[in-house]
1. What FRET efficiency do you get for D43 and K246 if R0 is 41 Å and r is their Cβ-Cβ distance, rounded to the nearest 0.05?
2. With θ set to phi - 60° and the Karplus curve 6.51 cos²θ - 1.76 cosθ + 1.60, what are the ³J(HN,Hα) couplings of the range 71-77 in order, to the nearest whole Hz, using x for Gly and Pro?
3. In percent, how large is the relative contact order of the chain, given Cα pairs closer than 8 Å and 6 or more residues apart?
4. Place a point 7 Å from Cα of T274 in the direction of its Cβ. Which residues in the range 201-230 have their backbone N less than 16 Å from it?
5. Consider a paramagnetic label point 7 Å from the Cα of V366 along Cα→Cβ; state which residues of the range 156-196 have an amide N under 19 Å from it.
6. Structure shown: which of K135/K337; K314/K352; K401/K461; K48/K169; K48/K266 lie over 24 Å apart, alpha-carbon to alpha-carbon?
7. Mind ranking 373-380, 202-209 by how tightly packed they are, going by the mean number of other C-beta atoms within 10 angstrom, highest first?
8. ³J(HN,Hα) across the range 81-90 via Karplus (A = 6.51, B = -1.76, C = 1.60, θ = phi - 60°), whole Hz, x for Gly/Pro?
Amino acid sequence: MITRAKHLVSVSPACKSAWAAALLAAIFLTSCGFQQYVAKPLDPLAAKAKFAEKDSNSEQFSQYLLRNGYTADRLPIQQWGLDELTYCALFFHPSLDVARAQWRAAQFAEMSAAEQAMPTVTGSIAHSNDPDPAKKPFAIGLSIDIPIETANKRGIRMENAQHLTQVAKLEIAQTAWQLRADIAQSLTAYQFNLQQIQLFTLEETRRQEIVAMYQKRVNLGVASNIELSAANLQLQSATSALNAKKQDSALLLSKLASNVGLPLSKIQKMTLLTSKPRSESMSNGAHLETLALLNRLDIRIALERYAAAEAKLKLEIAKQYPDLAISPGYAFEFGDKVWSLGLSGLMMLLNKNKIGIAEANQLREVEAAQFENLQAQVIAETDKANAELMQAQLALANQQKLLAQQQGYTARMTHKFAAGEIDRLALAFVKLEQIAAEKNLAEADFQLKSALNQLENTLQKPLSETGLELENGGEK
């Protein structure tokens, strides 16, 4: 409804100038406080230098450790285990910078969703060449459109944005956990590699001794060249395996440095904790699946995505109700003074946003199906990881028994050698058999640690915090 009020009052040129000045002032004031674009080009060389400067002995990292429960007497860190390396990754690894930046962007999107629609101002000026002296030659108009959102659309947008912000926050934790899992596995592999190098070095030494014994026997005519050649081949094989393990050591250390987020040169200077064969085994907790379903970050992310999809559906349903705009205005039209009041809104009542609602509803169904699929995957992964752990426990226990038997046999053969019942060559072969048993034990221990790491990664929670008891030692 528009109401017009006409008054036969002349407008002086000074009044027209005042109108124009007011309009220009409004435009000027609204333009104040604008931000200017500032270029921020990427410099690959600077990024490379920044990465090279990362140092676990820096003051910034020490302050970070103090804020996370370390005491001054423990700094600087002398021996680096899984926890210390994980703190390094949390502080230095660039993937966390990406996740944090995405979270901050989501926070700004949440702030943007909370903003209310701003009124708009419309002004106009016109000139007429009508020669009628009773009419003024100018027309000046000014109106304001005041938007009014209905059906709580702003609140629903805020709800949707809050769920997406929570998704971005959980993805930071997801990235952090994945770094810890990668570090645990690469550290375990590196420690196993060091054990292998020690054992292959000892085997090489034993085989060198055997070759020397055969050489003496060949020189004395009590052994054949065939036996010497076979011993040499076995020595070459052991040396080749040792060299391969030494080459693997550099690759594994490089992988560990990549997972920690530090240059390889800095990792090489660290004293990494060595591991010992494990004798404890995890009890088969019936609540592993429950732990995984309640604690997995990807499940919590899926729940937040489903909640965001529900908020999206609520917003599309709210769009059935049109937003309104109230438009009060005032105009001076060729000598007449006119005020007006307008009301406008989209004709959403005709189709009631059926397509938008159907699309949002289907997207919610997609999120629900993905959540159920993820749950099934987590349950299957948990059962598989638990089965692999139990198998690794049995294998380790078997290798421990075999090593104990071999150590007893070696001790008996050593007594026989001291009594002169066997020669040095026979004793050397017995010691080789014990080295083989130790290698098998180290392999079984590595498999157990890998299975433990996999179970932790499946639960996304350190096993020491799950409440599951260790059979030996009663640790939790």
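1. 0.60
2. Along the range 71-77, the couplings run 9, 4, 6, 8, 10, x, 5 Hz.
3. 23 percent.
4. What the label zone holds, given the 16 Å backbone N cut-off, is 201-203.
5. Once the point is set 7 Å along Cα→Cβ of V366, 160-161, 163-165, 167-168 turn out to lie under 19 Å by backbone N, inside the range 156-196.
6. From K135/K337; K314/K352; K401/K461; K48/K169; K48/K266, over 24 Å: K401/K461; K48/K169.
7. So the order, starting with the most tightly packed, is 202-209, 373-380.
8. Result, ordered by residue: x, 4, 5, 5, 5, 5, 4, 4, 5, 5 Hz.
Read the figures in this text as sums done on the coordinates, not as results from a lab. All values reported here derive from a predicted model rather than from experimental measurement. Cβ sites come from the backbone with ideal geometry, for glycine too, and all protein chains shown count toward neighbours.
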